[in-house]
Amino acid sequence: MEIVAEGVEVTGAHGPLLQRTSLRVRGGRLLLVAGDSEIARTALALTLAGRLAPTAGTVRLDGTITPAGLREAVAVVDAPEVTEPEPTVSVRTVVAEGLSFAGLASRRSQVRTWLAAHDADQHERERFENLPALVRTRLLVDLARAADPRALVLDSPDRHGGDPAGWYSLARREAERGRAVVVACSTHSALRLQAPHALIGEDNRPEDTEVDLNPAHSEGSPR
């Protein structure tokens with residue numbers, strides 16, 4: 001799969017939310033996108049997923065402008081005030097809601113089985129806001145994966161603190177499984193990772209900012 005954003009801008013009632021940005025990400029690749037405005041990062045995440053119509057520019061899925069197709073193909077993970085869980089609810093409740101959204105059984109026994117399988121059963125009764133940053137992101141990525149999306153967009157995982165190498169490793173894992181993965185983070189986190197990254201407000205398409213993690217793309221293989 002391929003998602004291409006060309007000159008996307010988003011303007012809200014009180015001014016610009018996302019400056020003109022262009023980028024491309026493909027299946028089996030990880031694209032880190034850096035910007036220092038949390039609002040811009042969320043606007044970009046929602047636009048790439050077909051949940052927010054750009055004021056200008058286009059987002060294409062496999063060459064076609066299809067917001068409905070993007071909504072079906074792309075999962076947005078932990079977008080502030082949009083897809084992030086309520087902070088005061090229990091981990092058990094968040095998992096039950098995530099499994100139900102994915103069309104899976106979500107009774108208490110299934111939730112406990114899922115948590116045990118994901119090495120998180122000890123957190124079942126905790127408030128979600130009290131989870132360690134990496135555990136939080138890992139559980140949300142795993143819940144998003146339960147619906148088998150073709151692409152994941154992680155929105156500002158660094159806002160919870162911790163070492164960015166942790167969530168970057170999670171994103172790499174998903175790209176290695178063949179998904180297109182975008183992580184929107186602060187410029188500071190991108191520089192700490194010393195990883196190739198795109199920039200919000202720039203045309204990133206000519207640059208090789210994707211990290212190719214598809215094992216089928218061995219050296220010398222066609223891409």
What is the packing order of peptides 190-199, 138-147, taking the mean over residues of other C-beta atoms within 10 Å and listing the highest first? 138-147, 190-199
In what sequence do 47, 113, 64, 209 fall when counting other Cβ within 10 Å, fewest first? 64, 113, 209, 47
Which value, in Å to one decimal place, does the Kirkwood hydrodynamic radius take for segment 102-196 when every pair of different Cα atoms is included? 14.4
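Hey, any idea what Rg/Rh is for segment 20-103, computing Rh the Kirkwood way over Cα pairs?
Result for segment 20-103 is an Rg/Rh of 1.00.
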For the chain, with the dipole built from +1 on Lys and Arg beta-carbon atoms and -1 on Asp and Glu ones, taken about the Cα centre, which of 39, 164, 68 lies farthest toward the positive end? 68
Calculate log10 I(q)/I(0) of the chain for q = 0.10, 0.14, 0.15, 0.16 Å⁻¹, where I(q) comes from the Debye formula with a single equal point scatterer on each Cα and nothing for solvent. -0.43, -0.85, -0.97, -1.09
For segment 9-73 and segment 79-122, compute the distance between their C-alpha centroids and round to whole Å. 27
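Could you put 39, 65, 200 in order, starting from the residue whose Cβ has the fewest other Cβ atoms within 10 Å?
65, 39, 200
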For 32, 48, 170, 104, what ranking results if the residue with the fewest other Cβ atoms within 10 Å of its Cβ goes first? 104, 170, 32, 48
Neighbours of residue 87 by Cβ distance under 13 Å: Lys/Arg at +1, Asp/Glu at -1, summed charge -3
Among 57, 12, 98, whose mean-square fluctuation peaks in a Gaussian network model of the chain (Cα, cutoff 10 Å)? 12
Surrounding net charge for residue 176, when Lys and Arg each add one and Asp and Glu each subtract one, Cβ distance under 14 Å: +4
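Coordinate-derived values only; no laboratory data. Computed from a predicted structure; not experimentally measured. Note: ideal-geometry Cβ built from the backbone for every residue, glycine included; neighbour counts use all protein chains shown.
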